[in-house]
Every structure is written in structure tokens, then in C-alpha cells.
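The next block holds one structure in the form of C-alpha cells; read it before the comments.
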Protein chains: 2
Amino acid sequence: MKEVKIYDTTLRDGSQGEGISYSVMDKVRIAKELDLLGVQFIEGGWPGSNPKDMEFFRKMFAHKLKSAKLVAFSMTRRTNIKAEEDANLKSLLKAGVEIITIVGKTWDLHVREVLKVSPEENIQIIKDTVKFLTSKGLTIFYDAEHFFDAFRTNRDYSLACLTAAIEAGAKAICLCDTNGGTLTSEISRVIGEIRQKFPGASIGIHCHNDAGVAVANSIAGVEAGVDMVQGTINGIGERCGNADLIPIIANLKIKLGIKCIPDGNLKNLTSVSHFISEISNMRVKNEQPFVGDSAFAHKGGMHINAIVKDPHTYEHIDPTLVGNHRRILVSELGGKTGILLRAKSLELDLSKEDPQTKKILQLVQKLEHEGYHFEAAEASFELLMKRALKKYKNFFELESFKVVIEKHTNKKLTSEAIIKIKVRGTKEHTAAEGDGPVNALDNALRKALKDFYPTLSEMHLSDFKVRVLDEKSGTAARVRVLIQSQDESDTWSTIGVSENIIEASWQALVDSVEYKLLKDKLG
Amino acid sequence: MKEVKIYDTTLRDGSQGEGISYSVMDKVRIAKELDLLGVQFIEGGWPGSNPKDMEFFRKMFAHKLKSAKLVAFSMTRRTNIKAEEDANLKSLLKAGVEIITIVGKTWDLHVREVLKVSPEENIQIIKDTVKFLTSKGLTIFYDAEHFFDAFRTNRDYSLACLTAAIEAGAKAICLCDTNGGTLTSEISRVIGEIRQKFPGASIGIHCHNDAGVAVANSIAGVEAGVDMVQGTINGIGERCGNADLIPIIANLKIKLGIKCIPDGNLKNLTSVSHFISEISNMRVKNEQPFVGDSAFAHKGGMHINAIVKDPHTYEHIDPTLVGNHRRILVSELGGKTGILLRAKSLELDLSKEDPQTKKILQLVQKLEHEGYHFEAAEASFELLMKRALKKYKNFFELESFKVVIEKHTNKKLTSEAIIKIKVRGTKEHTAAEGDGPVNALDNALRKALKDFYPTLSEMHLSDFKVRVLDEKSGTAARVRVLIQSQDESDTWSTIGVSENIIEASWQALVDSVEYKLLKDKLG
């Protein structure tokens, strides 16, 4: 079975995407997730270019990776200095990794207009850089920038650059379509030629999506003989992004039977894609191939009828292979089935014919229409079902709350919450401050409840997300708040939706506390 | 020069996309826009399937198209009845168009499991349907559903279906990758064979994006000999969508020099894409090839430096060819060049050596480290530069504000803001309510300023985004607020960052108002 190595550059080339800005801890979390997915190489950053990337490599000393190898990135030495004097190259030695990717010029246009050196000088720069680093015992991958543009316009020179890198000791040469404008047929033809010219070399491909064909180009590259594919998760990256590794991995494994990540990890593709979207603060693309929410969602009546008879009729693969699932849109049949499956997992006694089932479905449909999204808030959904089935009553009743936010010139803004609740017949009236209105409200609510429910001190909010739903109506837009809470043993998510962010946060806070108390069987 | 016909199915297959729901008037507006772009065929809908589509065709009698031809869609006759008795087919005759696309089964799996008829019976159904419609003087295109799956599993039968359609009088056969799972190399190979088998026939291709390669497949189809491409604008459609006609048209014309839409219309691609996104109530994808806001946006310092020397260095085409434009993003990665370019566009006098330039860069880096993100808030960045260069002073001074949010059981939450400001030496003290704390604050601020700056009544907030930055610290996390404002002539974006959402919103609100006043030259 043919094997291809997956080289992830989400943390370096991906971070050039508009709107992306990772903290060092974000980068560490992403690297660990990529390692669990089973990619072979993780390009962590450019240690010479900014202190954040250097700190990332330092932090990674403490995190042993299971299977992936960390790679540091840099460019060839600057003109007019020796390799050993180049600050960028020296900082690579401090990064503490064994593999270095060096990007170098291959296109004579760049050599002339950007580097402003002679073609021969550029060849010398490539050789010096690779030799210097290999002499330090490092493994070098050579990224030939703009290779396809270079080959198209000055074929001999582009080949001379590759030869220089290989002769200087590079372990792999990676052909980059840096501007992303090359079409698939040209990629196939050129890679075929390079494969023949350098029969023994390890060859990689690095595509960008400016022509909308980066995934197809990467796969065509593999079919034409490359053994390494560079890309990013979800295709994030500068301009139109890099080649998206998610469909590349899925297509290579499922369609072409090529070894790349371990078999058992394929089903993690959906969760890895969503995790990295979240950390990148990007919206998950519904229509993303293989892993999007709509990827296996059926809407047309003709399609739904056929899917029920045989899923192959309108699905190119079984969605569970990549950790995704089928969705039947706006269909009472599909809806009820989902609710029954969930009820079963909660050991709630509910059947398809039970009128309660229809009532819950109608409630869910109404709430989702208003902007709730129970897929992301399973604790709130469980409470909704149990409330509908009268399986518990609320742990407290709100009488009122008030939040006061004050700001005086040049002073820090203050937030204070005053709350009145009734618990087991007793009235509690208390107040607390916080870092913001929601934090103040959270503090006041716990303060009011703590004497009645001491286990609340075990839990804390671990995540807080706000999404504006219909962004076109200015500050009166509807907002969705998702809160994630945790205690020593569990993590749970709750939701609130309102035109008012405080109201939405309050709903999610209440659900979070009620879920904790219900879980502790205090009801 | 080779010529390919563009067949748009945004109004039919595109409308199957999750979240898409066009009114009849939406469909009319889209059809007129497609006609101006210059596509050859506009598939308007399925008149037999719903009254809305029939009404669309009726409405279109009144709208003469310049160059495109309207097409109506339907499936082959139902089993066990005559073609002339089929309600679907009869309704086609009422649609008043000259061209009909008929989709029919081609894959024996579907014939067996979905239609539940014999293979011979399906061939008869195809023949009857095409013959009936051609006998009425209509031109028929035959969409061979699941053609590539069919060819892979039962090649002879799939060919027999094509032959039946052609012999019955179909003017074109269109090969559909209905499940969207076929890879590019297989598309090329199969189309090559079909082209040879049916040398005289007009052949089309219709791809879906489930494997992430629909654009590449459509282009490979053209290179292998098809003369018609079916797809949708922005690739909308069921599951992962149809092939996106935007990059297909751009690639065919610019990269391959193939005639498809008139030369002069290529520059309308960006506006057509954005217009149809808006009508479809979909977010414009920033990273969409050719037409996205980020498609020619440069962020890395090395890229920005090279782009200034020669745009070809990091752009695959001239963005103005497709009606898009270059953007230089201001970020910590962009360095001094980004700031100087921006200063130049604002006619601010600033040079690379000016100590102010370094000061502004350091300020930007510090603020971006804290979570500001100026590439998304160009108005705030302009104010930052002008403040740093002492090019204006603030239009008002805040003394204090207070926001009070109150909730009583079962009553709607109320939000009230009280504000004290000083404008031109005069104190203003006023209050207002709103749909939430930010809306109340916005209302109070405008109320306090309106007598001094009447042009503020021209502006309103058009978009409000909240992002939680370090989501792992519960409700004390830092939030980034982005506000988009507009008046009759302009749209501008401002930003605020704080641990407190109200503080962050206040910063963005103040910038939004100051920008408007500065723009109106009231400073």
C-alpha cells in the first residue's frame, strides 16, 4: 500500500490567514490535537521571526508528542552574510527540533525583483543554508517557493535550484504553488516530470487555494508521485488559504486507499476540524466536505426518500467513517428519531407514539428557529426534556436581579449584581462584584445558593462564548450565549438566547447550576 | 478559441442548500443578474414540484433576458403511466420555455432500489420522456444522474442510458457526479472515453463538492472535452454544495483562454458573487477564490514587501480582472510597510525613518497582543494614527456612565443607561433605554450628542460582533467587540477590547461616532 506523509502547517502558514491570531497556549493545544490525529509533521512556527514562535518551541519541550515530529521553519540566509552569521538560522538551533524546513527562491522573477541578486548567487545561498544546517546534524526539507510559476517561465533555473538543495543534503524537496494559481492538469504533468528527474528524492507538494483547486492539486500530486503533502486544517491561510488537509486525508484514505494517518484516527477528523475552528475563532463551515454540519444533510424530498431506502443513493461515503453523521432536515421523522435516541441514552421512557415526543419535538423546533442550538448544549437539552416530562422541579426561584455597571473618566469600570431568590421557602437577598456584568451575576447567584447547595463550590465556568445571530440589526441583534462548566469529574454545556446578552447569559448560568445540582441528585 | 457554455442552476439545485429559501422576487432578481453576467443558460426551477417555481416562470414572461436562455427542470415520467399523462411533464409545457432539462436514472442501484423497475423499463422511461417533450417542439438536455458512480459499477448500462437519451432526440447529455465523491483523475479519464464514444454529441458536466474537488473536476471535464458546465454561483447547494461557477468562469477565461461569458463581463464576477450571497442570506466567504475579501489580502511582512516591488510575486492574477482589489492588512506581522501604505492612502505625511512610524508600529503590536485586531477595524486604526500624529482632538469627553439592567420574575429584562459628557465646554446629562446594555448606551450617547452634531442622526449600527478571546477563564475572559456602522455613503468598522463587554462596546461605540464626525469634517 502506498504511503504519504502528512505535513501540517496550520501553526505557521495557517496563522497568516486573515483574522487568525494564536496565543502560545493556543498553539500548544493545536499541536497536541494534531499529534493525536496522527499527522507525521507539525510545522510549529518561524522561531527567528517573532518571540511568540520561539516561546512555543520552548513550551513544547514539556509536551512529549506521541507520533508527530515538530518542525521549525525559516528562509534561506540573507544576502551578503555567511550562513553561520544569519540571526534567523542561528535561532533555529535554539528551537531544539531535529527537522527544519527552509524556504528558498526558485523563480527568477523573485531572485531578480525581490532578493535583487544574480541567479548564481541565489543558488549559492540555497547551498550555504542547507549545508550549514545539515552540518549541525539537522534534517532539512527544502520548500521551493513558487516552483510551478518558476518551472513554467524558466524551467532550467527552477531545476537547478532543486538540484542545489538536494546536493547540499536536503532530505526532501517540496514543490510549492505559492500563489495558488496553477490548475490540476499542469500540477500532474509537472510533478510527473520532476518525479522522473529526481527518482530517488522524497518530494512534497504545498498548494494554495487561489484558483479554488488546492485539494484536487494535492491529490493529483500524490497520484503523480509525491510522498508528502503540506497543508492546514480547514484550509486556513493567507488570501484564499492553503490546501485543506481534512478532505485531503479523507480522500487519500477512503478513496485511494493510501496510508497517511492511522486507520483508527480517521473518525476524529470532524472533531479535530471543529476544535481548530473554535480555537482559531472561525466559524465552522457548514458545507465543508466530509466534516461540515451540512456535509451529510439531506433536504430535497426525493433525496430523503431514497436515503431511507439506501444511504449510498445520495452519500459518497458513510459519514461515521470521518466522525460525522447524517442529518435529515425539516422532517418530523428525522426529528423524532433524534429525540428518541437522546431519551434512550438518558434512560428516559419515551416512545415514538407518546404525545410527549411530539410536544418535545415541536418545542425543540420552535427554540432552534429562535436561535437555540442544542447540538452544542447537551446539558440544556437534557434539562428541557426532563422539564417537559416533569422529571424534576427547579432548585430555586428568581424574584429579581439588578446589574449595575459604572464608569467614571479614567477609572476602571465596575460591575455589581444584586439578586433576590427563593430557595426551599427561604428568601435570599445578596450582592457581588465581578469582572463584567455576567461574572458579577454568576458570583451573586452562587453566593445566594452556597449555604443550601455546598457542592456548587466544586464547579466553575470553563468556557464562555457569545455569538451574534442576525448581525444585521446593530446592537439590538439576537445573541446566543454558550457556557461550558466543569467540576472534578464532568464538563457540561448550556445555552441561552435573547436580544439581551445579560438575559441570554442568565439562562445559560441557571441551566449550568441546575444541571450540576441534578447531576449530584440534590433534586 | 474553444468555447464552453455556462449553465447556472443556482435557482434550482442551489436552492436545495441548507438555509436557502428564495422568494419568487428573489429568483427574478437573481435571474436578471445572471443574465447581465452573460451565462448561456439559467435553470429557473422545477415547475411541477411547487407553485413558487411555476410562478417564477410566469413572472419571467415580463422580463426579457438579454442573452441567457431560461431552462425548466423535471425528472423522467413516473413508472406505470404514459408520458403525456405525467403531471410533472404536463406542467413543463405551461412554463413557457423552449429548453427543458430532464434528469433520469443511470445507475442500476437507483433503478433497482429507488425506482424499483427493471433496467429495460428505465431505458423505456428515458426514451418516452425525451420523445414526448421533443414532439412538443422543446429542446431537451438530458442530465444523467450519478453518471460516474454508474460508469464505475455498471459501465454498459450507464452507456445504454446515454444512448437512449440521444436516440430519443436529446440535444445534450450532461454527466452528473450527483454524490460528489469522484476524484479529478477519474473524471478526466471517464470524460475522455465518453467524448470518444459519442463524438458528435454535446456533453455537459455537473459536479458536487462532497470530496472538495468540484471546481477542479469541472475544469478537468472541459480539458477532457465537455462543452457545457453546470454549477451554481458561490457553489451553494445541498450538502457540500455544487461546483462554484465563480472560480470555474475565472479559471476558464483567464487561465485557459476559453470563451464562456463575454470578455467585458469578467470584472462583474465579484459583485455578482456578493449580490447573490446577500440575497441568499449567506455570509460572503472572505477566502472565496477570486472574489473573497481576503482573496488578494496580504498579511505577512515578507509578502507585503515583495508585493510593493511587483504584485506578480504573490498574486496569481491582477485582482481588477475579476472586479476585486488588493488589500494590505495592518497587523503585527505586516511591519512598517503596512503602516506606511495605510498612511499614504489617508494622505498622512509619514516616512519609514520618522520616529512616529516606529511609535505607531509599537502601539499596534502592543494593542494586538492585548487582543485588538485592526485589520478588521480600519476606522479605529485611522483614529489611532490620527491621534498618535495629533491630527485631531476628541469631539467630547466622558465624565461617567452607568448602565442598570433589571429583571423581575416573568417580566422582560430592562436596560437603561445614564450618561454624563462634556461637549465644547457644556455638560450634558441624559439617559435612555435599549434592547440590551449596549443598545441603551448607544442610545444615551447619541441623545447627549445630537444637538451638537446633528449629522449623527444619519448613521446607524449595521453589525455587532462579539468574540471571546481567551475562552478558558469563564466569564472573566477578555472580549473583543467589533461594530460596523453606516450612513448614506459609507460603511466603517471599529473595535474595543476589555475584560468587560460593556467597556469593550463603549470603546467601539466612541470610535464609531468619532469617525463619523471626523469624516464629516466637524473636527
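The values are calculated or read from the model by the stated rules, or taken from the named source; none is laboratory data. Remember, predicted model here, so these are calculated numbers, not experimental data. Note that each Cβ is placed from the backbone with ideal geometry, even for glycine, and that neighbours are counted across all protein chains shown. Heads up: the accessible areas ignore ligands, DNA and RNA and are worked out on the full protein's heavy atoms, side chains in. Shrake-Rupley method; radii C 1.70, N 1.55, O 1.52, S 1.80 Å.
Out of all the residues in segment B:450-459, is one or more facing chain A (nearest Cβ under 7 Å), open to solvent by less than 30 Å² (accessible area, probe 1.4 Å) and in contact (Cβ under 8 Å) with a residue 12 or more places away in the chain? Within segment B:450-459 (the criterion being facing chain A (nearest Cβ under 7 Å), open to solvent by less than 30 Å² (accessible area, probe 1.4 Å) and in contact (Cβ under 8 Å) with a residue 12 or more places away in the chain), the answer is no, since none of the residues qualifies. Quick check, is A:K366 at positive phi, surrounded by fewer than 13 Cβ atoms within 10 Å (Cβ to Cβ) and out of contact with any Cys (no Cβ under 6 Å at 6 or more places or on another chain)? No. Restricting the search to segment A:429-445, which residues are crowded, with 19+ Cβ neighbours inside 10 Å and closer than 23 Å to A:K393 by Cβ? Selection gives A:L441, A:D442, A:A444, A:L445. Would you be able to say whether some residue in segment B:216-238 is within 14 Å of chain A (Cβ to nearest Cβ), in contact with a Lys or Arg (Cβ under 9 Å, 6 or more places away or on another chain), surrounded by fewer than 21 Cβ atoms within 10 Å (Cβ to Cβ) and hydrophobic (A, V, I, L, M, F, W, C)? Within segment B:216-238 (the criterion being within 14 Å of chain A (Cβ to nearest Cβ), in contact with a Lys or Arg (Cβ under 9 Å, 6 or more places away or on another chain), surrounded by fewer than 21 Cβ atoms within 10 Å (Cβ to Cβ) and hydrophobic (A, V, I, L, M, F, W, C)), the answer is yes, since at least one residue qualifies. In segment B:200-215, the qualifying residues are those that are surrounded by fewer than 24 Cβ atoms within 10 Å (Cβ to Cβ) and either without any contact (Cβ under 8 Å) to a residue 12 or more places away in the chain or in a strand (DSSP E or B) (or both), and the one that is nearest to the other protein chains (Cβ to nearest Cβ) is B:I203.
Name the residue that is most open to solvent (accessible area, probe 1.4 Å), counting only residues in segment B:258-279 that are in a loop (DSSP other than H, G, I, E, B) and more than 12 Å from chain A (Cβ to nearest Cβ). Among those residues, the one meeting the criterion is B:P262. Kindly check whether there is at least one residue in segment A:373-380 that is within 12 Å of another protein chain (Cβ to nearest Cβ) and either at pLDDT 80 or above or out of contact with any helix residue (DSSP H, G or I) (no Cβ under 8 Å at 6 or more places or on another chain) (or both). No: segment A:373-380 contains no residue that is within 12 Å of another protein chain (Cβ to nearest Cβ) and either at pLDDT 80 or above or out of contact with any helix residue (DSSP H, G or I) (no Cβ under 8 Å at 6 or more places or on another chain) (or both). Only residues that are surrounded by 22 or more Cβ atoms within 10 Å (Cβ to Cβ) and either without any contact (Cβ under 8 Å) to a residue 24 or more places away in the chain or more than 22 Å from A:I502 (Cβ to Cβ) (or both) were counted in segment B:500-511, giving 2. Restricting attention to segment A:315-325, the residues being more than 8 Å from every other protein chain (Cβ to nearest Cβ) and in a loop (DSSP other than H, G, I, E, B) number 4. Would you pick out the residues in segment B:304-314 that are facing chain A (nearest Cβ under 8 Å), surrounded by fewer than 24 Cβ atoms within 10 Å (Cβ to Cβ) and of a type outside the set (A, V, I, L, M, F, W, C)? Matches in segment B:304-314: B:N305, B:K309, B:D310, B:H312, B:T313.
Go through segment A:1-47 and report how many residues are basic (K, R) and under 23 Å from A:L93 (Cα atoms). Here the count works out to 3. The lone criterion from (1) of a type outside the set (D, E); (2) surrounded by fewer than 24 Cβ atoms within 10 Å (Cβ to Cβ); (3) more than 13 Å from chain A (Cβ to nearest Cβ) left unmet by B:M282 is number (3).
When we screen A:I254, A:I246 for residues that are under 19 Å from A:I20 (Cα atoms), of a type outside the set (G, A, S), touching a helix residue (DSSP H, G or I) at 6+ places or on another chain (Cβ under 9 Å) and not in a loop (DSSP other than H, G, I, E, B), the only hit is A:I246. When we screen A:K32, A:K59, A:K27, A:K82 for residues that are touching a residue at least 24 places away in the same chain (Cβ under 8 Å) and closer than 25 Å to A:D128 by Cα, the only hit is A:K82. Residues in segment A:12-58 that are under 16 Å from the mean Cα position of the chain (by Cα), within 14 Å of chain B (Cβ to nearest Cβ) and either under 26 Å from A:G221 (Cα atoms) or among the acidic types (D, E) (or both): A:R12, A:D13, A:G14, A:S15, A:Q16, A:G17, A:E18, A:D26. Considering only residues that are open to solvent by less than 20 Å² (accessible area, probe 1.4 Å), away from chain B (no Cβ under 14 Å) and part of a loop (DSSP other than H, G, I, E, B), which ones fall in segment A:59-76? Residue satisfying the conditions is A:A68 alone. Filtered by the rule that a residue be over 38 Å from the mean Cα position of the chain (by Cα) and more than 11 Å from chain B (Cβ to nearest Cβ), segment A:411-449 gives A:V423, A:R424, A:G425, A:T426, A:K427, A:E428, A:H429, A:T430, A:A431, A:A448. The set of residues in segment A:28-46 that are under 15 Å from A:F73 (Cβ atoms) and open to solvent by 10 Å² or more (accessible area, probe 1.4 Å) comprises A:F41, A:W46.
Taking the criterion of being in a helix (DSSP H, G or I) and more than 26 Å from B:F464 (Cα to Cα), would at least one residue in segment B:415-431 satisfy it? There is no residue in segment B:415-431 that is in a helix (DSSP H, G or I) and more than 26 Å from B:F464 (Cα to Cα).
Residues in segment A:154-195 that are part of a helix (DSSP H, G or I), open to solvent by 10 Å² or more (accessible area, probe 1.4 Å), closer than 20 Å to A:K5 by Cα and not small (G, A, S): A:I166, A:R195.
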